1. Any idea how far apart M265 and H241 come out in nm if each label point goes 7 Å out from Cα toward Cβ?
2. Quick one: if the Förster radius is 35 Å, what FRET efficiency do T472 and A218 give, using the C-beta to C-beta distance and rounding to 0.05?
3. Once the Cα gyration tensor of segment 91-142 is diagonalised, what are the square roots of 5 times its eigenvalues, in whole Å and ordered largest first, as equivalent ellipsoid semi-axes?
4. With 32 Å as the cut-off, how large is the P(r) tail for the chain, expressed as percent of Cα-Cα pairs?
5. Quick check for you: with a 1.4 Å probe and neighbouring chains kept, what is the accessible area per residue of segment 253-430, in Å²?
6. Under 17 Å Cα to Cα from K469, which lysines show up? Leave out anything in the same chain fewer than 8 places away.
7. For Cα pairs less than 8 Å apart in space and 6+ apart in sequence, what is the mean separation divided by the residue count of segment 118-250, i.e. the relative contact order in percent?
8. Rounded, prolate or oblate: which one fits segment 292-375, using the alpha carbon gyration tensor with axes a ≥ b ≥ c (rounded when a/c is under 1.5, else prolate when a/b beats b/c, else oblate)?
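The values are calculated or read from the model by the stated rules, or taken from the named source; none is laboratory data. The model shown is predicted, which means the values in this text are computed figures rather than measured ones. Positions of Cβ are backbone-derived with ideal geometry, glycine not excepted, and every protein chain shown enters the neighbour counts. Side chains are part of the model used for accessible areas, which takes the heavy atoms of the whole protein and leaves out ligands, DNA and RNA. Shrake-Rupley method; radii C 1.70, N 1.55, O 1.52, S 1.80 Å.
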Amino acid sequence: MKYPAIQNFINGQFVNSIGSRILEVISPLDGTLLATVPMSTSKDLDNAVKAAQAAFPGWSKTPIKERVQVFFRYKYLLEKHLKELAELCSEENGKTYGESVAEIEKSIELTEFATSLPQLVTGEVLEVSRGVECRTEHVALGVVASIVPFNFPSMVPNWTLPNAIALGNCMIMKPSEKVPLSCGKLAELLKEAGLPDGVFNIVHGDVEIVEAICDHPAIEAVSFVGSTKVAKIVYQRATSHYKRCLALGGAKNHLMVLPDAKPEMTAQNVAASMSGCAGQRCMAASAMIGVGNVDHIIAKICDEARKIVPGKNLGAVINKQSQERIERYITEAEQQGAKILVDGRNTKVAGKENGTYVGPTVIDFVTPDMAVAKEEIFGPVISIMRTDTVDEALAIENANPYGNAASVFTQNGGMARYIIERASAGMIGVNVGVPVPREPFSFGGWNESKFGVGDITGKSSIEFWTKLKKSTTKWNPEAGVNWMS
Ligand code: NAD
């Protein structure tokens, strides 16, 4: 085993879980056993919550300008440890080193945003009548939890932890049991940055600990990022205990390609979007709709896809089950009459025979009823459908239950605007294959890609991580003047 057994992080210390169940953490790159991860119990959670509760009065009363100093230092430490963090991320997740570097760079940008929060949470004050003042303040919630998926071991934890903590909350993080190593490193850096013990805690585990988080009476808010199936479970369970919950789910993102699109640029964007992070991104292009004759662009997409080499500029998918699931989707589409233009099945990388790779795959002549057109594949696969009109393309996009992202490739501004207005997704790209909004803009989809109000990052997250206190004060000495006068 390459690393020591993973521990929880409670009250500023790495500690063993009380539970006896463990899972192995296997590198998707080559099958190396990296570590074991404990499946924590509700008793572990109680300990973490107690530590967070004890830290909350001191941390929430620390002025925000002082709190964000920790995040200036944390940002510097993320930069200093970028290489180490990126290597760890690649090892446990399977993505390429370059993709891991991009993930840490995005974590740095998220942290920069958190350092700007004092400028954004100033509240409001107004003399509403003579001598009477109304004032609002954003107040921290208390102990909050963040449950995260496997596909971004560093970035998704950093969607929530810098903002929630800078706003005065104390946090329990539940990493994915498939990629638990990166989060421990983040905890070390937060401690080194001067974050007081108990403000950030990690409990590892699976279903049992997620259920315990949803049920725990002292946890005020739960954020979740993962599949739609589990987002629904977590949202229902957490809100049934009257907690705030924001649960981001899966995706099926459509790229609409019009005949006037710039061929090179479009092909590069489509290929990069469908294959980046081995297609394991909730923002990945998964379905493409060619409107009219776009054969020349599809030919270029295939050329671009063939340049993508597994084990070199394409990482592994998370595990054997994922590899098999993705290959099953491709085979089923082929059996139903779709044409596999570039085939990523049965991919082996020399010297990494135990790695779990799927090559880039381009499937043409997909029809909207096929599973590859409707379901989240979460692999480096693009399913191409054809329509005659933009409205037919929009009808396909609108009919899919998800709503994370959609993009259009065209040189016609009016057509782009038409599609922006009609696509049913929270994040829209024009000539952009992965339309992730950058800070201070917020990240969040629509429909079955998100349950709850507001977005998880950027300015929108302030409302989720705080409650508003409204105070009305009257200091005028005259008698007979009431608060309405
Ligand atoms: P997942 O839903 O399997 O797991 C997410 C988290 O939930 C993990 O921490 C896991 O331990 C826990 N979990 C798993 N099954 C559970 C259950 N039955 N009950 C309670 N908890 C459970 O997701 P994943 O496979 O880790 O991640 C991939 C999914 O995440 C994809 O669907 C992807 O689209 C989605 N995702 C969405 C976004 C977004 O912003 N919308 C971002 C990243 C990933």
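1. Distance between label points: 5.0 nm.
2. Numbers: r = 30 Å, r/R0 = 0.86.
Computed FRET efficiency for T472 and A218 comes out at 0.70.
3. 44, 11, 6
4. Details: 50658 of 117370 pairs.
Above the 32 Å cut-off, the chain has 43 percent of its Cα pairs.
5. Accessible area per residue, segment 253-430: 39 Å².
6. Qualifying lysines at Cα under 17 Å: K61.
7. 22 percent
8. Numbers: a/c = 2.72, a/b = 1.37, b/c = 1.99.
In terms of gyration-tensor shape, oblate.
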